[in-house]
Amino acid sequence: MRCLASLVLALGFVVSAGPADGQRRFATLAAGRRTSSLLEIDPATGALVQTIGNVGYLVNGMTWDATTSTLYATTSTNSVAHPNGLITINITTGAGTPVGTGAGQMVN
């Protein structure tokens, strides 16, 4: 039961533009690790479509900017790299990239 609760708390959803039906849903999953993985979730069923890749940071929130087609995320205080920072996430590879040098500025 504790494992399930960790899974639910580690998921963060965001809707973004994508091919075919026009929408894709992304989530991150940390499951007790020090970094998150980017996942694609089926918008109709919530089932896992694919694990895209490791973000390299511990993510605690995401949003999609439709004007620039950019997935932004905030990082956790517990993220070893860039704590309390703002990053972008590549939706093809899952890789995260810090935005500026503002780690520790509590953007989240």
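The values are calculated or read from the model by the stated rules, or taken from the named source; none is laboratory data. In this text, all values refer to a predicted model and were calculated from it rather than measured experimentally. Positions of Cβ are generated from backbone atoms using ideal geometry, with glycine treated the same way; all protein chains shown enter the neighbour counts. Only protein heavy atoms, including side chains, enter the accessible area calculation; ligands, DNA and RNA are left aside. Shrake-Rupley method; radii C 1.70, N 1.55, O 1.52, S 1.80 Å.
If you average the sequence gap of Cα pairs under 8 Å that are 6 or more apart and divide by the length of segment 54-102, what percent do you get for the contact order?
Values: 95 pairs, mean separation 16.0, N = 49.
Value for segment 54-102: 33 percent.
Can you give the accessible area of Val99 in Å² (nearest 10), computed on protein heavy atoms with a 1.4 Å probe?
About 60 Å², ignoring ligands and nucleic acids.
Assuming R0 = 30 Å, can you tell me the calculated FRET efficiency for the pair Val99 and Asn54, based on Cβ-Cβ distance, to the nearest 0.05?
The calculated FRET efficiency here is 0.95.
How big is D, in µm² s⁻¹, for segment 43-97 by Stokes-Einstein at 25 °C and 0.890 mPa s if Rh is the Kirkwood radius over C-alpha pairs?
206 µm²/s
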